[in-house]
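Participant: What follows is a single structure, and I will ask about it in a moment.
The values are calculated or read from the model by the stated rules, or taken from the named source; none is laboratory data. Remember, predicted model here, so these are calculated numbers, not experimental data. Cβ sites come from the backbone with ideal geometry, for glycine too, and all protein chains shown count toward neighbours.
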Amino acid sequence: MRRMLPVLVLVMAVPVTALAADREIFVVGTAKAARGQTATGVIEVPSLSDAALNIPVAVVHGLRPGKVLALVAGSHGTEYASIIALEKLIEALDPADLSGTVIIVPLINIPAFEQMVPHVNPIDGKNMNRFFPGKADGTQTERTSHLITRQVIEQSDHVIDLHGGDLDESLRPYAYWTVTGNENQDAISRDMALAFGLDHIIISSDRPKDPAASRYLENTATTRGKPSITVEAGHAGTTEGEDVGALLLGSFSVMRYLGIMRGQPSSVEHPVWVHRVAAVVSEATGIFYALVKRGAFVAKDMKIGYVTDYLGKVIFEARAPEAGIVLYIRAVPSMTKGESIANIGVLRAGGSGH
């Protein structure tokens, strides 16, 4: 994708109200970083109705005061590209070069990663990006969400939640921009999405508004008044350099936009604004065959795949409910009734601009 340098006003538009400004030591879980240091540790989720969990965390505490940015991945433990990108980010950042603090949580859903289970935490069967802000006395997923909310999100000024195509998803890169109605907050989060550099941006205006029932990780930050974004790159459990690199470069660019790193941020030159996402689900259990690829443009009612029984008889045809971009399509033949086949990104009628 093409990038261009935006005008300097983008950087200067961010108000300087840093949580890290007066902290000589920044603590997240067992990671305690003095100014100019990187510290690693864990966020300790205690056992209760099910097992305990130690979530790895790194704190890169800049030599100079500035914004606090949290980058989190691995809510879905087989979205590998985002996990690898944040592991590499820890190695790449030098706190001596930073103004502000970067909290990095590369992998939340360790059970799913270790057992290669897509979408959910195999300990309690819950999606770890659907139970925020969590509960201190809940199951492992809820207890984890509670501690991520308290120790990571609430200590940050901004959050980037990194995702990518799960084992069963052939996904093209895109970002989410959550619209709240707060003009200043929305302007900053929009600029963050543009600075990140993924050229397709979903405008999300239907996320929960209640901070006590925020549901999603990024939305937990957003409902607390913190301009934040979600980004996705990676497909079908792969860790291709193009996807990992896009997530790394995007993270660096947002850090420049926020003034955490020196230099000017990049920006998407011609973003494609996706105004709605139309889901396609299977009405049958069997073997799935895709007829389109991720990133393809499809017309309304176009056949995008089909399901056969285990002897080859076609028992369901999947068609696009609306015209738009294939944001992802199922990457494996296994199909169960009610499972997702594809997401179609619907553009504004008559054009792609916002």
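Participant: For segment 124-157, how many residues are within 28 Å of Phe288 (Cβ to Cβ), in contact (Cβ under 8 Å) with a residue 12 or more places away in the chain and part of a loop (DSSP other than H, G, I, E, B)?
Facilitator: Within segment 124-157, residues that are within 28 Å of Phe288 (Cβ to Cβ), in contact (Cβ under 8 Å) with a residue 12 or more places away in the chain and part of a loop (DSSP other than H, G, I, E, B) number 5.
Participant: Could you look through segment 296-328, keep only residues that are surrounded by 20 or more Cβ atoms within 10 Å (Cβ to Cβ) and more than 29 Å from the chain's Cα centre (by Cα), and pick out the one that is nearest to Val346 (Cα to Cα)?
Facilitator: Tyr306
Participant: Does segment 90-107 contain any residue that is assigned by TED's automatic domain parsing to the domain that holds Ser205, polar (S, T, N, Q) and part of a loop (DSSP other than H, G, I, E, B)?
Facilitator: No, segment 90-107 contains no residue that is assigned by TED's automatic domain parsing to the domain that holds Ser205, polar (S, T, N, Q) and part of a loop (DSSP other than H, G, I, E, B).
Participant: Quickly run through segment 158-176 and pick out the residues that are part of a loop (DSSP other than H, G, I, E, B) and either over 18 Å from Ala195 (Cβ atoms) or touching a Phe, Trp or Tyr at 6+ places or on another chain (Cβ under 6 Å) (or both). Before the answer, list the steps.
Facilitator: Going residue by residue through segment 158-176, those that are part of a loop (DSSP other than H, G, I, E, B) are 164-168, 172-173.
Answer for segment 158-176, where residues must be part of a loop (DSSP other than H, G, I, E, B) and either over 18 Å from Ala195 (Cβ atoms) or touching a Phe, Trp or Tyr at 6+ places or on another chain (Cβ under 6 Å) (or both): Gly164, Gly165, Asp166, Leu167, Asp168, Arg172.
Participant: Of (1) touching a strand residue (DSSP E or B) at 6+ places or on another chain (Cβ under 7 Å); (2) part of a helix (DSSP H, G or I); (3) farther than 23 Å from Ala342 by Cα, Leu247 satisfies all except one. Which?
Facilitator: (3)
Participant: If you check Thr180, Thr149, Thr139, which single one turns out to be closer than 19 Å to Val277 by Cβ and in the same structural domain as Thr230 (by TED's automatic domain parsing)?
Facilitator: Thr180
Participant: Against the definition (among the aliphatic types (A, V, I, L, M) and outside the structural domain of Val102 (by TED's automatic domain parsing)), how does Val280 come out, yes or no?
Facilitator: yes
Participant: Restricting the first residue to segment 283-298 and requiring it to be touching a residue at least 60 places away in the same chain (Cβ under 8 Å), which pairs with a second residue that is in a loop (DSSP other than H, G, I, E, B) and among the charged types (D, E, K, R) meet a Cβ separation below 9 Å and a spacing of at least six or different chains?
Facilitator: Pairs that qualify, where the first residue is touching a residue at least 60 places away in the same chain (Cβ under 8 Å) and the partner is in a loop (DSSP other than H, G, I, E, B) and among the charged types (D, E, K, R), are Lys293/Arg172; Arg294/Arg172; Gly295/Arg172.
Participant: Please tell me if Gly41 is small (Gly, Ala, Ser) and under 23 Å from Gly164 (Cβ atoms).
Facilitator: On the way: small (Gly, Ala, Ser): yes; under 23 Å from Gly164 (Cβ atoms): no.
Here the answer is no, as Gly41 does not meet what is asked.
Participant: Between Leu217, Leu171, Leu194, which is under 19 Å from Arg348 (Cα atoms), in contact with a strand residue (DSSP E or B) (Cβ under 6 Å, 6 or more places away or on another chain) and not assigned by TED's automatic domain parsing to the domain that holds Ile325? I'd like the intermediate steps shown before the answer.
Facilitator: Working: Leu217 fails: under 19 Å from Arg348 (Cα atoms); Leu171 fails: under 19 Å from Arg348 (Cα atoms).
Result of the check over Leu217, Leu171, Leu194: Leu194.
Participant: Are any of the residues in segment 280-288 at pLDDT 95 or above, within 23 Å of the chain's Cα centre (by Cα) and within 14 Å of Tyr174 (Cβ to Cβ)?
Facilitator: no
Participant: Quick one: which of Thr238, Thr230 is in a loop (DSSP other than H, G, I, E, B) and either farther than 30 Å from His61 by Cβ or touching a residue at least 12 places away in the same chain (Cβ under 8 Å) (or both)?
Facilitator: Thr238
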